[in-house]
Structure formats: structure tokens, C-alpha cells
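Take a look at the structure below.
Derivation of every value follows stated rules applied to the coordinates shown; laboratory data play no part. Note that the coordinates shown come from a computational prediction; the quantities given were computed from them, not determined experimentally. No Cβ is skipped: glycine too gets one built from the backbone with ideal geometry, and neighbour counts run over all protein chains shown.
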Amino acid sequence: MSPLELDPRFTFDTFVVGAANRLATAAARRVADAPGETYNPLFIYSASGLGKTHLVTAIGHHARKVTPELHVVYDTLEQFMGDIMAAIEAGERDAFRSRVGDVGLLILDDVQFLAGRHRTQEELIRVWDAITARGGQVVLTSDRPPHEIDALDERLLSRFSGGLIVDIGAPDYETRVAIVRRKAEEGGHTLGDGVAEALARIAFGNVRELMGGLNRLLAVQELEGRAVREDEVAAILGQSEGAGEHDEFASFLAEISDTVSELVEATAVERRLADAILRWEGEGYRTRRLESALQAGVGNDEVEAVIRGFEADVERLREIAGEISALEPDAPELVRRDILRDPDRLAEAESLLGEVRERTRPLPPPPEGFSFERLALSPDLFAVRAAVAAAEQPGTRYNPFFVYGPGRAGRTALLAALGERLQRTAPEGTVAFVQGAAFAAELIQALERNRVDGWRARYRRATALILDDVDALAGTERAQDELFHLFEALHRTGAQLVFGASRPPQELDGLEERLRTRLESGLVVDLPAEGEAEAELRGVADEAGDAAEGAEAVAEGAVDAVAAEARDAAAAEAGEAPESIETAETAGVADAAETAEAAHADDGADAVESAGAAETAGVAETAGAAEVAETAEPAAVEAAAPEDPAPEATSSEAAAPETPAPDAASPEAATPDASDAVARHGDSPDAAGEDDIARTGTDPWFLSRERVFWDWPYVEERLVEDWE
Amino acid sequence: MSLVNYSAREITCKIVYYGPGRSGKTTNLQYVHARVPDGRKGQMVSLATETDRTLFFDYLPLDLGSISGFRTRLQLYTVPGQVYYNATRKLVLRGADGVVFVADSQREQMEENLESLRNLQENLLEEGFDIREMPLVLQYNKRDLPGVVPVEEMEDLLNFRGVPSCTASAVSGEGVFDTLRQISELVLRSLSRKFQQPISPPQHRTSAP
């Protein structure tokens, strides 16, 4: 690439600014001050000889001065594209492109020659993208505006038009006088009084012709060794008294130009507004407010305030866009240019920012200092074990996981420990830990600030949500509604949901049914109040008898096919029996395990229950429970729906997710063939467990190791019922 | 029509050549059209009868290029002079920023000149503005013909408002550009005055012809 050298004579200092080129000059200065940051590209067009090349060369000089490391390339389109084509022919296209990629400022003169040259246009698009992708500035000149360049590729047209398009007009009389005087001075010449004015009065089509006229006058002065007089100018330049046909229009134009200049210069307010409109439009902002001010007409004293206000709003919009981009580089709000580029919609932009801030605000983390290892609660507690298990397979094992108990501190500690574990095992995830009251309060705050969408989106980022003290949501409307939808959304994404409350879901007053049923759709565990924890095992032993009664209730429930929970539990029992044997062993109750195994061999479903009871209360009850189950069998079979044939119902497959209706479960529990099912389950405990989880929310891990506590909430529920 | 559009940096002026039939309005435009370089003018649209009488109107757009950063355009129109085309005249007059009244300098045409001038005043009033508010230039045309009414007499007869006037011989082009310059400056200065008193833009300028 061999770009042209910048002509050292063409700088901003030597450029005479008049009404016809003031705008182009202002734009050029801005571009030179900060290439790539304002008008990109800057497209300058004018008839020839009006200073395009001077102006763009000045940009190059100034940019180099301001940013010495900037790689500036100035070339004519012809030369530049010739270089590209030569590189392609030499097989160095890629090398050329990589060289071009370093260009920080590309100035291409006379791009009108692109007309109809498709291959050249293709290459220019590539070069263009390579330069602008790295923030490079492009400056173009042409003798016509982009849309008048014939057969210009749409892509180039849109690129050319993407920045600022500005024209340079013929200089007015005063500017012409200034140009003549300056050029004469630069050459060290002196002009007689009125000569510059006389020369400027002649309607030259452009500055080059004007310079030609000046050169001729200077030549006469030099060659004839005398000063040219004012009255000689027209004659020397061959201008007859009665101007030619073309000149008649030209002099009309010259006179009108002066009047137009006066008009637009005189209306300073409009001019100021118009410049501001042009500037901000060039930077992609809506300028409706300024246009309205222009149309309505504002006074001199108001115009500055209007523009300052507008610019302050633009500045704020920039800050907003910057903050959004920093908070969330891919924020969908960033494409809302209709808002982010419209100072009249600043309030909406603030709102967008508010949403993004809300959405990206860190979720409340689990309280620090808690972990399962440091938990004051006994690790043997069922709730603790279940929590550990939940953390092992977040989102799949117990989801939702509901812990209730009167001791708030212990519950919170457990949930916090669970949160800590979830966060530790999946550091990339986001665990949200929030109290019910805080959840409701946040929602109200979001509503107040009209940030509900952001608030919602923020929580939906969570990979795990732990909401303690669900009690606080009792009686709320919107908070429950939001929690319901959040539950559904997170559940769909496989996020772990954990809830804490003082009481089990069905006892929480003022909870919507749809939410309540979801809260209890996973695993519900009880966490006894602190102090009661140590007594838990004993308590369980005491209650063992009642547990057997509970088993009875299961059977009854099955017969009556009434209580959904009972049926679920019974169904679970059918599948859970075999694993309970191992569970008992791992739980360190070998003796009970043996007993249980024996019992289990005889009875299907209820062996589970009996095994559970066996650990604490012995085998006697087991037998009793088994009896209950047996007596229940015939009725259970009757209760079975006709389309629910017994053989199918006995298998674990019957409890597959696609048959979640609890009705199907009741006969399973009490069916005489339950033992067959048990036997089969024994072969593939995991598969059986999976099915059961799908239906009941319980889990193979639980079944395989925790026979003793196999369905503690259920048992307890029955106990509570009995107490009441 | 938006006369000065600062957002688009455009100035567009509509100038209507008014006057009795055969006073030389179209000739004015034809002369201008012939003298303007190709890049500066649009096609001159003339809707004329077979006998070269203007039936509807002539239209000549002129692009004066960028002046002080403003793309400046003049739109020159003529109205049909014959009495019975008044509806067309009103239509063309709508939205005009300035009027050139082309008077025929022949004595036998004086009555028609007066009649046309009255008609102009009426039509302007119908459009809702006073002839005194409208930039107006009188052109005493056909000065090359023998026995024309002296300028002073025409001034007395027609220029009772004391507006700028000039003599012309449109066929040879004499006075044509002078007239155009005068009306253009008048129009531009009237704009300037309007902008000095920033009030809401004149209502009559909002509708296009």
C-alpha cells in the first residue's frame, strides 16, 4: 500500500471558513479531534474546486498531530482500489487486508468513481468493515451525495450515509475576498485597493477559478512591474461589461447568495438550533425537542437553555447506555435505540436502566457462617440428612424441599447450610436466600418503583431459591402470585427450590391452594425445635406404636380411596419395601433389618411401614400392620378402577409419572400381589425408586438408606391427626 | 411548504408570476430557464394550449446550490392569465412566498393590467392574506414595443402601493434576472424579518400548492 502524502499546505489554518463551508469545517474538526468517535463516516461533497481535498487533508494533519500513533491513510479512490486490486492479483489479498485493518483514519478522495464498479465496491465494503470494526474513522469526499452515485451497492450506500453527510457550497462574496487576500499574502504579494473586492465580485464557479483569476492578476503585476488597479480587474480577466449568458445567472446567484447568507446568519437563534440539530442527528440522537423549539420559535435568551437542557439529557442517556452495557453487555435494552437515543424519552431510559439494575442486582446470598459441617443440629436428624441429600442432587432429588418446624433459628441455619452447600458445589450458580417477609417487601418496593419486570427477572436467574419463613406470605396476594410463577419458572429450569416455614404447607393459613400444593409436591420434612432434637430418636421410639396405627390408616385410606396423601404414601410403600431392608442395615440397625426382611418377605407394601417401625418399636407391630394390610386387600382390589388392572397396578411401572392420579395408587398399596412387585423392585431398586419419586416426591436415596425415617412427615401427620 | 427548514438545511421559495394574459409571464420563465446551467434547473413544465397560451401553469424549479450551508431552491410558477382560469390561478397562488406582477406596457392592455391586479388582490384575500404583506415586484414588460405607456404613468396607474418595480423586455431577456433578483431578495428579507420576531410560522405556508 502506497498512500499519498498529505499536502503540507492544506491545514485548517490555511482554510478560509465562510458560510458555505462552516458546517463542513466544524464537522471536519470534530472528526480530526476524535477520529472514530463522532461522525463516522464523514462524507463531504461539493462541486470541484471548493475545498474538499483541502479540508480532508487538514483532517489528516490535525489527527496526526493530536494522535501521533494514529495510522492515517490518505488516498484517492482510484489509487486505493488500484492497490487493492494489485494485491489481489499478487495473491496478497489477506496481507493487504490485515495492513488495512491497522488504519485508524482512512481518507478517500473522489469516491464518486465507484459508480458502477461492483468488484471494487465489494472490496471496499470488506476494507471498510475491517477498519471500522476496530473503531477506525473513514472520511470520504465526492462531487455528489451518496445517493446520487450511480449503481452504488446498497450496503455501501448505507455505510456512506451512516455518519454525517455535509456539503460545501460556493463561497460567498466576503469569503471570496478573504480567500483572495489570504492567498495573495501567502505568496507575499500585495494587491491594490479594491482589487481583491473587484476580483471577488466576479462570479467564479469555484475557488480554483478564483485562484486562476488571482494568478492572472499577479502575473500582470509581476510581468508588467506595476500594481493592477481595481477598474482593470474585469478587463484583465476578460470579463466584458455586459456579462455573458452564463454570467447573468452567476451574478444573480452571487447576489442572492449574499442575501441568503444574511438571512441565515441574521437568524442566530435558528442557526444555533439548526447546528445543534445537525450535530446530534449526526450522532444518532432524536432531535424532536430542538426541532419543535425551532418551529415554535424561541427567544435568544431561551435558546441556550433549551440546548443545554437537551445536551444534558443526551449526556444522561449516554451514561444510562454505558451503565446498562456495563451491567449486562448483552442486555436486550441496549437495542432500544428508540429510547436510548431520544432525550425526550429520558424517563423511559431511566426506567430501562432501573429494570436492568434491578435484574442484575445480586440476589440475596445465603447468610454467611453456616454449613452442614458446622451445623448445631444433629447430622442424624432426618431433616438434616434430607437437606444434605437435596444438596447432592439439586433440582432433581427433592424439589421443592420444604422444611418446617417451630425453631426458626435451627431452620434458618439448616437452610443456610443447604444454601452454602449448593453454592459451594456449583460456584457458577446463583443461590438466592430470602425471608418471606423480605420477599414480599421487595415486591412492594419493585411495584412502587415500577420495576417488577426487573425484580422478576432477577429472581429467575437463580439456580437455587431458598425462601425461609413462608408463613410471612400468608394472606398476601401478589407476593403469592409472584412466588407461584417464580416457582413454576424455576422448577422448569431445574433450579432447586427450598422453603422453610413454621408449619407444613397444608397448615399454613392464607396460602393459595395452587401454591400450597406445589410447596408440598416435593419432600416435606419436619425440623423439631432445638432442644427437641436430641429427643427425636426417643420420640420416634415412643411414637412407634402410633406409626403402626398410621400404617393402618394407610390401608384404610386405600380402601376408602379418599385421602390423597394416604394413597400416595401407600403407593410409595409398595415400591419402597425392598430397599428398606438395605436401608435398615446401613442405618446400623441390623437386628431390625433382619426382622424387617423376614416381615417383608411375607407382606408387600406394609412391610415397609413395619420396617420403619421395626427399628424403634420391634417386630410385633409390623405383624399387626401386615394384618391390617391383608384385611384391606379385597376392598382395595374393589376400589381399583376397571381400567387399572391389578397386575399392572402391582408393578412399579404402574406408578410411572404418566399416571400421577393418586387413585391408581390405592389398590397398589393393598393389592395381594404387592409382594411380587416388591420382589421385582428388589431387582432394580433404583428404577423403582425413580418411579416413586415421580409420583410421590420421595426418593431412592432416601429409600435405600433411611428406612427408619422412610416417610416421617407422613407418619407425623397421622400422629398429629390422632392427637387432634 | 416549509420555507426555511433548518433541520434539513433547506430554503425553498415559491415565486408566482402573475398578470394578464399574454403579458409575458411564460417568456420570463423561458428566459431564465435558458440561462441557468443544466445542473441548476429542473425540467420546465409548461402546460400550454396549441396556440402556446398557458392553459394551467408553468413550473421551473431552480437549485441555487448550497448557500451558507443551506440548500436553496426557487420554484417559479406562472398563472394562466385569461380571466376564465381563475380557479387555476388561486391554486397556483396558494403557498406563494412572493409574486411578480408582469404588466403589459401597451396602452390597450392597461385595463387588463388593472383587472388582473385586482384579481390578484382578491385571490390573495381569499387565501387569507393582505396584498400588502406579500412580497411583490411589478415588472413593466414589453418595453421594446413602440408606443408603450411611460413608466411614470404605469407607476401611477398600477404601483399605488409603491412596491419595487422594473422595466423589462422578456423576449430579449432585459430585466428578467433583475426582476427575479428583486423578488428573491424581497422574499428572503421578508423571511428574515419573520425570523427576527420568532412567532409561529405563517399559517398559509403550511399547505403545498
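General observations
- Loop-resident GluC sites (Glu not before Pro) (DSSP state other than H, G, I, E or B) in region A:453-499 with no more than 11 further Cβ atoms inside 10 Å of their Cβ: A:477.
- Going from the residue with the fewest nearby Cβ atoms within 10 Å to the one with the most, B:13, B:166 rank B:166, B:13.
- Here the Kirkwood formula, the inverse mean of 1/r across different C-alpha pairs, assigns region A:22-167 a hydrodynamic radius of 15.1 Å.
- Those trypsin sites (Lys or Arg not before Pro) in region B:71-147 that DSSP places in a loop and that have at most 16 other beta carbons within 10 Å: B:132
- Fraction in percent of alpha-carbon pairs per bin - 5 Å, region A:136-241: 2, 11, 20, 17, 11, 8, 8, 9, 7, 5, 2, 0
- Take each residue in B:181-191, count the other chain C-beta atoms within 10 Å of its C-beta, and the mean is 4.
- Cα gyration tensor, region A:382-532 - rounded (a/c under 1.5), prolate or oblate: oblate
- Here the residues A:65, B:41, ranked from fewest to most Cβ neighbours within 10 Å of their Cβ, fall in the order A:65, B:41.
- Over the Cα atoms of region A:291-348, the radius of gyration divided by the Kirkwood radius equals 1.12; this is the Rg/Rh ratio.
- Average projected area [Cα convex hull, region B:87-170], square nanometres: 5.4
- Averaged over A:358-364, number of beta-carbon atoms from partner chains that fall within 10 Å: 0
- Set of lysines near residue B:14 by C-alpha distance (under 29 Å), chain-local residues within fewer than 8 positions excluded: B:25, B:41, B:90, B:142, B:194
- Inter-probe distance in nm under a simple model that places probes 7 Å from Cα toward Cβ, at residue B:40 and residue B:125: 3.9
- Highest average first, the peptides A:417-425, A:11-19 ordered by how many other beta carbon atoms sit within 10 Å of their residues are A:417-425, A:11-19.
- Ranked A:71, A:118, criterion: other C-beta atoms within 10 Å, fewest first: A:118, A:71
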